[in-house]
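To keep things clear, I will list the structure first and then write my remarks on it.
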């Protein structure tokens with residue numbers, strides 16, 4: 001009888017959506033389990049002890065390439081970050097205010113290359129002089145790379161820049177014995193104060209350099225100028241393309257060498273080891289993170305699995321899915337589809353939203369009007385077919401809300417039709433006798449709860465005993 005019922009995809013879709021609370025629960029469970037499992041497994045792996053990585057000769061070129069690409073990737077990412085900060089700031093980079101200090105170094109040619117008292121001084125300045133031979137200007141402009149100096153100037157520059165961006169606007173020049181240091185500042189910065197800080201740093205360096213090579217430092221000029229940050233205002237699009245190409249190249253290299261070799265290349269790029277050395281990763285060096293990205297992936301996967309399970313249950317379910325199944329498969333008229341009384345649920349309006357398409361977007365009526373419509377349809381049939389008394393039964397007799405059955409009985413009695421509610425005729429002999437004596441029987445079934453097997457058994461029993469089943473009222 002119901003073997004020929006067709007699958008309605010719209011009904012399937014919205015019936016699954018009615019399980020949205022369970023679907024969200026599935027998603028939350030997997031969203032919690034997946035990253036937790038990954039975190040615990042990574043943590044366990046981190047405790048297994050030290051790990052030594054040695055690159056063989058055949059993979060050395062690929063590892064060297066990966067290290068170079070990692071370095072380029074870091075540089076390009078920093079440049080992109082600078083562009084992003086520039087776009088978010090209110091500074092006018094086409095008309096930057098720059099404060100500068102320019103010095104001349106006066107030195108006796110006979111003292112060039114000599115070291116008066118090298119034992120009294122040690123550190124980067126002595127090494128810089130050794131490396132740059134007799135060019136003292138290079139030692140002075142190396143101040144531009146000194147973190148303490150730059151942060152000191154940034155603090156009073158009123159530029160509003162980050163340290164990374166501020167470094168992009170530090171300009172140093174040298175020509176002969178003349179050098180200059182130029183830094184970008186905000187419009188409200190105190191120029192004399194900034195110049196004073198620069199001079200103080202330069203002259204302190206001069207005092208220390210006298211022990212290495214005696215010379216005289218003469219201030220040529222200081223002040224402020226306007227300039228365009230052309231180097232920083234280069235094309236962001238080109239940098240983005242370069243970054244894209246580097247990332248693609250890295251992806252291709254990952255296919256050729258192991259994860260351990262990629263880790264090795266990362267350490268080389270960071271300058272922690274040199275290419276060819278052994279890399280020893282201690283368990284304490286391995287950082288374990290709780291990956292938030294896995295929470296999102298886990299939630300999506302869990303929700304999908306939950307929806308898939310409910311879709312499968314719908315397909316294999318032997319429950320009544322649609323009121324049309326009764327009219328089309330059992331060839332039985334449906335007097336009315338009534339919304340069953342429900343307990344209030346949290347966010348119940350969502351359930352009603354998803355239930356609307358299942359009911360073919362029928363006009364929304366309150367419960368009393370729906371019952372009145374069902375009573376009118378039954379009484380109209382009874383009037384035309386001389387039905388004086390009606391028995392109401394169903395496979396869910398003991399589970400149907402009494403408000404529904406009582407309302408139907410009282411409504412039919414008001415129309416002059418005797419009505420009585422009885423148990424399932426397939427199992428209750430007293431109910432079978434009552435229905436056999438009645439002029440007509442109305443079956444009462446509920447969507448997503450009534451089993452089609454029980455409905456078939458009920459209708460077969462009625463057919464066997466010549467019981468006149470005049471139609472059905474379906475609850476949804």
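Just to be sure before I move on: is residue 89 within 30 Å of residue 280 (Cβ to Cβ) and either out of contact with any helix residue (DSSP H, G or I) (no Cβ under 6 Å at 6 or more places or on another chain) or at pLDDT 90 or above (or both) in the structure I sent? The answer is no for residue 89. For the residues 259, 251, 286, the requirement of being modelled with pLDDT under 80 and either within 27 Å of the chain's Cα centre (by Cα) or surrounded by 13 or more Cβ atoms within 10 Å (Cβ to Cβ) (or both) singles out 286. Per this entry, residue 382 is not counted among residues that are in a strand (DSSP E or B) and in contact (Cβ under 8 Å) with a residue 24 or more places away in the chain. Looking at segment 340-374 only, could you name the residues that are at pLDDT 70 or above, more than 22 Å from residue 9 (Cα to Cα) and outside any loop (DSSP other than H, G, I, E, B)? Selection gives 367, 368, 369, 370, 371, 372, 373, 374. Exactly one residue among 430, 462 is over 26 Å from residue 341 (Cβ atoms) and either surrounded by fewer than 16 Cβ atoms within 10 Å (Cβ to Cβ) or assigned by TED's automatic domain parsing to the domain that holds residue 11 (or both), and that residue is 430. Applying a threshold of 6 Å to beta carbon distances and a minimum spacing of six or more residues, or different chains, the list of pairs starting in segment 176-202 at a residue that is free of Cβ contacts under 8 Å to residues at least 40 places away in the same chain and ending at one that is outside any loop (DSSP other than H, G, I, E, B) and surrounded by fewer than 18 Cβ atoms within 10 Å (Cβ to Cβ) reads 193/156.
Inside segment 207-242, residues that are outside any helix (DSSP H, G or I) and modelled with pLDDT under 80 make up a count of 11.
Within the set 137, 174, the sole residue that is modelled with pLDDT of 85 or more and part of a helix (DSSP H, G or I) turns out to be 137. If I filter segment 141-156 for residues that are touching a residue at least 60 places away in the same chain (Cβ under 8 Å) and either in a loop (DSSP other than H, G, I, E, B) or touching a strand residue (DSSP E or B) at 6+ places or on another chain (Cβ under 6 Å) (or both), do I get at least one hit? Within segment 141-156 (the criterion being touching a residue at least 60 places away in the same chain (Cβ under 8 Å) and either in a loop (DSSP other than H, G, I, E, B) or touching a strand residue (DSSP E or B) at 6+ places or on another chain (Cβ under 6 Å) (or both)), the answer is no, since none of the residues qualifies. In segment 311-321 there is no residue that is modelled with pLDDT under 80, in contact with a strand residue (DSSP E or B) (Cβ under 6 Å, 6 or more places away or on another chain) and in a loop (DSSP other than H, G, I, E, B).
The values are calculated or read from the model by the stated rules, or taken from the named source; none is laboratory data. Since the structure is predicted, the reported quantities are computational estimates derived from the model, not experimental observations. Positions of Cβ are backbone-derived with ideal geometry, glycine not excepted, and every protein chain shown enters the neighbour counts.
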